[in-house]
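Heads up, the thing below is written out as structure tokens.
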Amino acid sequence: MDAADLLTSRARLTPDREALLELETGRRYTYGELNGRANRLANWMLNLGIGHGDRVSILAHNSVVYLDLLYGLAKIGAVFAPLNWRLAAPELVYIINDCLPEVMIVGPEFADLWAEIEPQVTVPHVISLTAPTATANSYESGLAKASAAEPHSALHTPHSALSGESTHCILYTSGTTGRPKGAMIPQRMVLWNCVNTAVSWGLTEHDVSPILTPMFHAGGLFAFLTPIFYVGGRIVLAKEFDPDESLCVILAEKCTVILGVPTLFQMWQKSPLYATADFSHVHFFISGGAPCPTELINQWRTEKNVVFRQGYGLTEVGTNCFSMTDAESVPKTGSVGKPVFHSEMKLVDENGQLVAIDETGELCIKGPHVTTGYWRNPQATAESLIDGWFHTGDMARMDEDGFYTIVGRFKDMIISGGENVYAAEVEAVFREHTAVAEAALIGQPDDQWGEIGLMITVLKPGCTATAEELQAFCRTRLARYKVPKQVIFVDELPYSPYGKVEKIKLKQQYIEVR
């Protein structure tokens, strides 16, 4: 059994149990209803000629449609490739031309963005989530016309073609070379993330979890959605994050396990509802996506008397790689825990040799929850997957009790508000400006966002530019969260004898010590 069977089996076991509350519409779905929608999606796609290995993309806010696609496409062996709507048009054009989807589903909020993109890409089938347009069919009408029965190829032929290694999703992550890479999520990876999370975190059918982060991310799709559905619990799905509304929902629906990035926890603290909020029904809060300040964790524990953990995951190795008990979460504050049940971990030095306890090394992960590699990028795959071990690029150490702590990143990136921002990508855009000779991005610690981008810039002789001008230039080419919040102009950058910018020196000179 792999991802193709997950919703089918759950609906067979508990068809009438409530599975999902979609906040935007107020609609509650049972497992049987969700499986029926997934079947309709699968049969509709088959009727369009979509089959094993074909990609289907969506450019839209969170909705039940993501679930239709996630589970429905798995039944026919097609590949779900959701798009990050925070990206700028040129970034999306590159991704679409890389993964070449046969179908594009577009939400109403992104009609103008799609109109800008469409002339630069070739997508045979475009579907609108609202009324049909001159160039797009209507999603709900197409879904309604399709059969709700289990798709024929899922019952008979796909298991001869499908296997645990069949790609289920392609999720694009920013690349250190400046180009995003499509991480291939095989069907068995989805299943084993469910197993690992349920077993290691103690999830049950009584758990309720809100999805507050975008579902084009691995976190939105896999951190709690698929594991909760696996055990028969309930999901509350928000279109977008709003601090006050999400707190109301957590309380009203008595959510039990709650994931957020550090920025969300800070926003909740500022909500007028926070002071009187009773979280006694919550099993635990968990922060992921970026290092969570110890002070923030302790504030939540002290002020709200809750269990608060810190997690770790990557798109390429699954969203939930470590775990700890409630009792361990306090004495091991700052740690992400021990490896989940079906997983192997090791820490290695620059020569690939194991490091000693309490020494820092690169975190490498092996197991059935690891990617098969990067879409159409054998070089990146070979560099990251070595003898079955995925080299994360993250630095960590393990204490004598077996608990891991993430201490830094080999990869040159910053994490701002839970979003990865790779320096090479932003620097390349800055250098496209006619006035810029050199640029180096470093991370400035920030109370709200964790880190913000600080660009150290050298202008060409005789040229002038303001910080605001360069930031505006960057916004036309990159997502807003990637645009540096600060720009500093210098006469020259420090270079090593090997020709690389010495960012350690830049950080020592320009970063505010906290």
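Some points to look at:
- About its Cα centre, the range 73-145 has a charge dipole of approximately 300 debye under the convention of +1 per Lys or Arg Cβ and -1 per Asp or Glu Cβ, with nothing else charged.
- Inter-label distance, nm, simple model (7 Å from Cα along the C-beta direction), residue 463/residue 298: 4.7 nm
- Protection proxy ranking of 236-244, 327-335, by the mean of other Cβ atoms within 10 Å over each peptide's residues and highest first, is 236-244, 327-335.
- Cross-link partners for residue 503 among the lysines, with Cα-Cα distance under 28 Å and sequence neighbours closer than 8 places in the same chain left out: 181, 346, 411, 460, 482, 485.
- Sorting 294, 122, 8 by accessible area puts them as 122, 294, 8; the probe is 1.4 Å, largest comes first, and only protein heavy atoms count.
- For the range 236-350, the C-alpha radius of gyration divided by 2.2 N^0.38 Å, with N the number of residues, is 1.12.
- In this label model, residue 97 and residue 400 are separated by 5.8 nm, measuring between points 7 Å along each Cα→Cβ vector.
- Ranked order, 287, 141, 9 - accessible area, probe 1.4 Å, largest first: 141, 9, 287
- Signed unit charges on C-beta, dipole axis of the chain, positive-most listed residue 443, 318, 161: 161
- The charge dipole of the chain, taken about its Cα centre with unit charges on the Cβ of Lys, Arg, Asp and Glu (plus for the first two, minus for the last two), comes to roughly 580 debye.
- In Å², nearest 10: area of residue 375 left accessible to a 1.4 Å probe: 50 Å²
- In the chain, Cα pairs under 8 Å separated by at least six residues give a relative contact order of 12 percent.
- Measure of compaction for the range 17-61 (Cα Rg per 2.2 N^0.38 Å): 1.41
- Each of 387, 2 has its accessible area taken with a 1.4 Å probe; listed largest first, they run 387, 2.
- Residue 145 versus residue 271: modelled label distance in nm, points set 7 Å from Cα along the beta carbon direction: 4.2 nm
- Sequence-distant lysines (8 or more away, or on other chains) whose Cα lies within less than 20 Å of residue 270: 304
- Farthest toward the positive end of the dipole of the chain, out of 287, 23, 11, is the Cα of 11, where the dipole comes from beta carbon charges about the Cα centre.
- Calculated log₁₀ intensity ratio I(q)/I(0) where the Debye formula runs over C-alpha points of the range 358-457, q = 0.11 Å⁻¹: -0.48
- Of every Cα-Cα pair in the range 309-383, the percent that sits beyond 22 Å: 34 percent
- Nearest-10 value in Å² for the accessible area of residue 130, using the 1.4 Å probe: 70 Å²
- For the range 402-514, the Cβ-based charge dipole about the Cα centre amounts to some 220 debye (Lys, Arg positive; Asp, Glu negative; other atoms uncharged).
- The chain: translational diffusion in µm²/s, Stokes-Einstein, Kirkwood Rh over Cα pairs, 10 °C, 1.306 mPa s: 66 µm²/s
- Between the range 1-59 and the range 78-101, the alpha-carbon center distance in angstrom: 22 Å
- Between residue 278 and residue 52, the C-beta separation translates, for a Förster distance of 51 Å, into a calculated FRET efficiency of about 0.55.
- Every pair of different Cα atoms in the range 303-434 enters the Kirkwood calculation, which places the hydrodynamic radius at 16.3 Å.
- Computed accessible area, residue 270, all protein chains, 1.4 angstrom probe, square angstrom: 150 Å²
- For the range 220-303, the Kirkwood radius over C-alpha pairs fed into Stokes-Einstein at 25 °C and 0.890 mPa s yields D = 180 µm² per second.
- The gain in end-to-end length when the residue 489 to residue 349 segment is fully stretched comes to 46.8 nm, 0.36 nm per residue minus the alpha carbon separation.
The values are calculated or read from the model by the stated rules, or taken from the named source; none is laboratory data. Since the model is a prediction, treat every value here as computed from it, not as a measurement. Note that each Cβ is placed from the backbone with ideal geometry, even for glycine, and that neighbours are counted across all protein chains shown. Remember, those area values only see protein heavy atoms, side chains included, never the ligands or the DNA or RNA. Shrake-Rupley method; radii C 1.70, N 1.55, O 1.52, S 1.80 Å.
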